[in-house]
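Taking it in order: structure first as structure tokens, then the write-up.
Computed from the coordinates by the stated procedures, all read-outs in this text should not be read as laboratory data. Since this is a predicted model, take the numbers as computed values, not measurements. Glycine also receives a Cβ, built like all others from the backbone with ideal geometry; neighbour counts cover every protein chain displayed.
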Amino acid sequence: MESAEALSAEATNISATEPVGADELLQPGAAVEVRRRFDRAWARGFQVIDGDGSLFRLRRESDGAVLPVSFPATDLRLARNVAR
């Protein structure tokens, strides 16, 4: 079991995160995290609607809203299960 300090350091260490790679195809319905533009941290709670391999349209899981902009694959990663 990891200490709270180690978990906190992991959560804030952006360089340790991995965006979606070119070989990792995001299918419609896949749960993803989005890199926030403000602080470059990852935000959970989104789902892929469609995409062409480089740009993806997303739906916010909390209210079902379709986001008005497309996101590049470099700003997405598959959602991780985080124990609380």
Burial ordering of ARG60, ARG77, ARG40, fewest other beta-carbon atoms within 10 Å first
ARG40, ARG60, ARG77
VAL66 versus ALA41, label points 7 Å from Cα toward the beta carbon: distance in nm?
3.0
